[in-house]
Amino acid sequence: MSRRFELAKQLDQLLSPETELESTLIQAPEFRRGLLWGEPRFGHPEGLVALHVQEVLRNISLLPNLTTAERNQLRLIALAHDTFKYAEDRSKPRGQRTHHGRLARIFMESYTSDSIILDVIETHDEAYYQWLSFKRSTVHASLDAFFNQLGDKLRIYYLFFKCDTQTGDKTQAPLRWFEKHLKGIDFIQIKPFWPWERV
């Protein structure tokens, strides 16, 4: 019996839904398909999206001083953020296909009107792309402009970006770069190191 088949039977146990909405999402066929998609690759040695989501959820549980609303928002973002990677049209170059964050947002609009959840899901990779273009010295949008775009959503975006980045074997350079440019948001440490370097 395949690992994917075994995990399909254990999604509730694996992701421990805390609300009725979380349970509903995990049972939705297109959502389940996305959670069970993926093979081991750089940044995601765990392979399946569900295993990555489980790790992000663990990180969220380590965040100090969250309100119930913030925890619920972060958990929904975690559940949905990569779940529509399977639906990206990979026959097109990255810049010419609909990003999985956008696909996830469209799906989640049927379940919530919370703009924090929807905006963070849609843009969850933007900080990484900004760092990448900075590193490559290509033309890129201003990080300050992105901060302004996020507005009062910046704190939740940062917390999610941290929880998402401190998983698998992802490089921590984008997170350190992002934190260096944050203004007016308290730095949060959820792990004392990651995994081979001090954060």
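The values are calculated or read from the model by the stated rules, or taken from the named source; none is laboratory data. Owing to the predicted nature of the structure, the values given are computational and were not obtained by experimental measurement. Cβ sites come from the backbone with ideal geometry, for glycine too, and all protein chains shown count toward neighbours.
Quick notes on this one:
- G34 fulfils the conditions (1) crowded, with 20+ Cβ neighbours inside 10 Å; (2) of a type outside the set (V, I, T); (3) touching an Asp or Glu at 6+ places or on another chain (Cβ under 6 Å) except for a single criterion, (3).
Table: residues versus (1) farther than 16 Å from R33 by Cα; (2) touching a strand residue (DSSP E or B) at 6+ places or on another chain (Cβ under 9 Å); (3) among the hydrophobic types (A, V, I, L, M, F, W, C).
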| site | (1), (2), (3) |
| --- | --- |
| E55 | yes, no, no |
| N65 | yes, no, no |
| A69 | yes, no, yes |
| Q73 | yes, no, no |
| A87 | no, no, yes |
| R97 | yes, no, no |
| A104 | no, no, yes |
| S110 | yes, no, no |
| S115 | yes, no, no |
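- Qualifying positions in segment 127-161 - charged (D, E, K, R), closer than 22 Å to A173 by Cα and modelled with pLDDT of 95 or more: R155
- Count - residues of segment 24-47 that are aromatic (F, W, Y) and either in a loop (DSSP other than H, G, I, E, B) or within 13 Å of the chain's Cα centre (by Cα) (or both): 2
- Candidates R75, R102, R71, filtered to the one that is modelled with pLDDT of 95 or more and crowded, with 20+ Cβ neighbours inside 10 Å: R75
- Residue within segment 154-166 that is among the charged types (D, E, K, R), surrounded by fewer than 20 Cβ atoms within 10 Å (Cβ to Cβ), without any contact (Cβ under 8 Å) to a residue 24 or more places away in the chain and part of a helix (DSSP H, G or I) present: no
- The condition of being out of contact with any His (no Cβ under 8 Å at 6 or more places or on another chain), small (G, A, S) and closer than 22 Å to L57 by Cβ holds for only one of A145, A78, that being A78.
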